[in-house]
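Each remark here refers to the structure printed beneath this line.
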Amino acid sequence: MEQHKYIMIGNHRDSWIFGAVDPGSGSSVLLETGRTLSVLLQNGWKPRRSIILSSWDGEEQGMIGSTWDTETLRQEYNESLIVYLNVDMAVSRPNPSLLVASSPILRSAIREATSLIFDPNTNLPLSEVWSGNFSILGSGSDYVAFLDNIGVSSADLRFGGSYGQYHSRYDSFYLMKNLIDPNFTYHKTITQLFTLLVYSLSTNPLLPFNETDLADELQTSFDQIKDKLTVKFSSDNSFKQFDFDKMQKSITNFLRSTKLMNDLIDKQKVTFDQTDLPQKTIELNNALYLTERQFITQEGLPGRPFYKHILQSVAFLDGYNSDRFPGVIDAINDGDIERAIQQFNVIQSKIDSTTKFIDSVVKPKFYTEYIILIVVFGLIFVALIIVIIRHFYIKKRQSYAKF
């Protein structure tokens, strides 16, 4: 069991006015998820990892509650918090679409969960009616401090989109009951989705993470930033200092290592109800949830040190949205090529160090196999040499005897 590791699901409880959608819909989902998990516990379920349900205050004033929590418990969360799931506006419009923003490493788990939950309108698996699109987490809700400051892989799931009553007196229970979700069927569906994710993350012997999705996101981010840098700085004499080939090589090596990680995970022989996990499985789990942490820098982004994640962060010019490679984007917006080069190199260096971090877990196994093969072939070779020498020795003695 890994009771010292945490899975957290949270939502804020403060609102501007009545807040039926924001945050009432999310709070009801959080409470129902907790009730469902308690029923499972009463029927004998024992999660492998601890589950924390958090209700935040002060979100509308700048995520004050969740930020205070991460600042107070930063060391504990840095060591033990595996993932943060954010609820917030769970259902916000009639006949809504599923909207998912998450850390890339969680995408595989979310895809799996949506294939097991049914859309209340069509009765088809949610995965068949959902677009399958993932957004990059920006700001405006309580995942910010967890992801951007500590590096805890996070996700925000909701049914909805833009709605005209946002942060107004019209965001009322009457609106929800009569216009948005009269039978609360979408509330039920999103509760099922969150409950299944919490169950999977807290119970599976191996964390359902996929680092190859992170490698694919790195490639997308690099392709986009390369174009932006070329448009902005190609006429500058310092432009040649952007080593695009070196960055591409780093991403390719990272992808290779994540595939080795997936291969090693597939070889793990652990059962769902196995209490004591093999040491290698524990090492893999630690590597999986700590990979996101490798992209946190101590100094943070230039000019905004609270934001420490170098792969994605809150967009400086649009607080609700996000930027890939934010340090480079900030420098592009400021027309500062020297800072853009410096931040570009920081990202490339971090990708290399994270590749080594993953290799430290996956490669020893392969090196051991190679060593065993070398030893076996070496022994066979020595045996053949002995046989050959013995053969010639015997033949020589026979020739002497005849003489």
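Within segment 102-134, take every residue that is small (Gly, Ala, Ser) and without any contact (Cβ under 8 Å) to a residue 60 or more places away in the chain and give me the one that is nearest to Tyr77 (Cα to Cα). Outline the logic, then answer.
If we filter segment 102-134 for residues that are small (Gly, Ala, Ser), which is where we start, we get 102-103, 108-109, 113, 115, 127, 131-132.
When the remaining residues are screened for being without any contact (Cβ under 8 Å) to a residue 60 or more places away in the chain, the result is 102, 115, 127, 131-132.
Details: Ser102: 19, Ser115: 30, Ser127: 32, Ser131: 33, Gly132: 30 Å.
The residue in question is Ser102.
Open to solvent by less than 20 Å² (accessible area, probe 1.4 Å), of a type outside the set (Val, Ile, Thr), under 22 Å from the mean Cα position of the chain (by Cα) and within 28 Å of Thr275 (Cα to Cα): which single residue out of Leu81, Leu53 fits that description? Explain how you work it out, then say what you get.
Details: Leu53 fails: open to solvent by less than 20 Å² (accessible area, probe 1.4 Å).
Selected residue: Leu81, the only one of Leu81, Leu53 that is open to solvent by less than 20 Å² (accessible area, probe 1.4 Å), of a type outside the set (Val, Ile, Thr), under 22 Å from the mean Cα position of the chain (by Cα) and within 28 Å of Thr275 (Cα to Cα).
Return only the number of the condition from (1) open to solvent by less than 50 Å² (accessible area, probe 1.4 Å); (2) without any contact (Cβ under 8 Å) to a residue 24 or more places away in the chain; (3) over 28 Å from Asp227 (Cα atoms) that Phe244 does not satisfy.
(3)
Here are some residues: Ser349, Ser313. Which one is out of contact with any Phe, Trp or Tyr (no Cβ under 6 Å at 6 or more places or on another chain) and modelled with pLDDT of 85 or more?
Details: Ser313 fails: out of contact with any Phe, Trp or Tyr (no Cβ under 6 Å at 6 or more places or on another chain).
None of the others qualify; the one that does is Ser349.
Go through segment 161-195 and give me each residue that's in a loop (DSSP other than H, G, I, E, B) and in contact with a strand residue (DSSP E or B) (Cβ under 6 Å, 6 or more places away or on another chain). Full working, then the answer.
Narrowing segment 161-195 to residues in a loop (DSSP other than H, G, I, E, B): 161-172, 181-184.
Matches in segment 161-195: Asp181 only.
When residues of segment 154-195 are filtered for being touching a Phe, Trp or Tyr at 6+ places or on another chain (Cβ under 8 Å), polar (S, T, N, Q) and buried (at least 17 other Cβ atoms within 10 Å of the Cβ), how many remain?
So the answer is 3.
Just to be sure, is Asp88 in contact with a strand residue (DSSP E or B) (Cβ under 7 Å, 6 or more places away or on another chain), open to solvent by less than 10 Å² (accessible area, probe 1.4 Å), acidic (Asp, Glu) and at positive phi?
On the way: in contact with a strand residue (DSSP E or B) (Cβ under 7 Å, 6 or more places away or on another chain): yes; open to solvent by less than 10 Å² (accessible area, probe 1.4 Å): yes; acidic (Asp, Glu): yes; at positive phi: yes.
Considered against the rule, which asks whether it is in contact with a strand residue (DSSP E or B) (Cβ under 7 Å, 6 or more places away or on another chain), open to solvent by less than 10 Å² (accessible area, probe 1.4 Å), acidic (Asp, Glu) and at positive phi, Asp88 comes out as yes.
I need the full set of residues from segment 317-342 which are aromatic (Phe, Trp, Tyr) and assigned to a strand (DSSP E or B), in order please.
Hit for segment 317-342 is Tyr320, nothing else.
What residue, among those in segment 315-343 that are charged (D, E, K, R) and open to solvent by 40 Å² or more (accessible area, probe 1.4 Å), is nearest to the chain's Cα centre (by Cα)?
Arg324
Hey, among Val39, Val21, which residue is part of a helix (DSSP H, G or I), β-branched (Val, Ile, Thr), over 23 Å from the mean Cα position of the chain (by Cα) and more than 20 Å from Tyr186 (Cβ to Cβ)?
Values: Val21 fails: more than 20 Å from Tyr186 (Cβ to Cβ).
Going through Val39, Val21 in turn, the sole match is Val39.
Looking at (1) of a type outside the set (Phe, Trp, Tyr); (2) more than 18 Å from the chain's Cα centre (by Cα); (3) farther than 30 Å from Gly140 by Cα; (4) surrounded by 14 or more Cβ atoms within 10 Å (Cβ to Cβ), can you tell me which one Pro302 breaks?
Condition (3) is where Pro302 drops out.
Okay, residues lined up against (1) of a type in the set (Ser, Thr, Tyr); (2) within 22 Å of Glu217 (Cβ to Cβ); (3) in contact with a Leu (Cβ under 8 Å, 6 or more places away or on another chain):
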residue	(1), (2), (3)
Tyr84	yes, yes, yes
Pro96	no, no, no
Leu99	no, yes, yes
Pro125	no, no, yes
Trp130	no, yes, yes
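Against the definition (open to solvent by 30 Å² or more (accessible area, probe 1.4 Å), aliphatic (A, V, I, L, M), touching a residue at least 40 places away in the same chain (Cβ under 8 Å) and in contact with a Phe, Trp or Tyr (Cβ under 8 Å, 6 or more places away or on another chain)), how does Leu218 come out, yes or no?
Details: open to solvent by 30 Å² or more (accessible area, probe 1.4 Å): no; aliphatic (A, V, I, L, M): yes; touching a residue at least 40 places away in the same chain (Cβ under 8 Å): yes; in contact with a Phe, Trp or Tyr (Cβ under 8 Å, 6 or more places away or on another chain): yes.
Considered against the rule, which asks whether it is open to solvent by 30 Å² or more (accessible area, probe 1.4 Å), aliphatic (A, V, I, L, M), touching a residue at least 40 places away in the same chain (Cβ under 8 Å) and in contact with a Phe, Trp or Tyr (Cβ under 8 Å, 6 or more places away or on another chain), Leu218 comes out as no.
The values are calculated or read from the model by the stated rules, or taken from the named source; none is laboratory data. Remember, it's a predicted structure, so these values are computed and weren't measured experimentally. Methodologically, a virtual Cβ is constructed for each residue, glycine included, from the backbone with ideal geometry; neighbour enumeration extends over all protein chains shown. When the accessible area is computed, the model is the full protein with side chains, heavy atoms only, and any ligands, DNA or RNA have been set aside. Shrake-Rupley method; radii C 1.70, N 1.55, O 1.52, S 1.80 Å.
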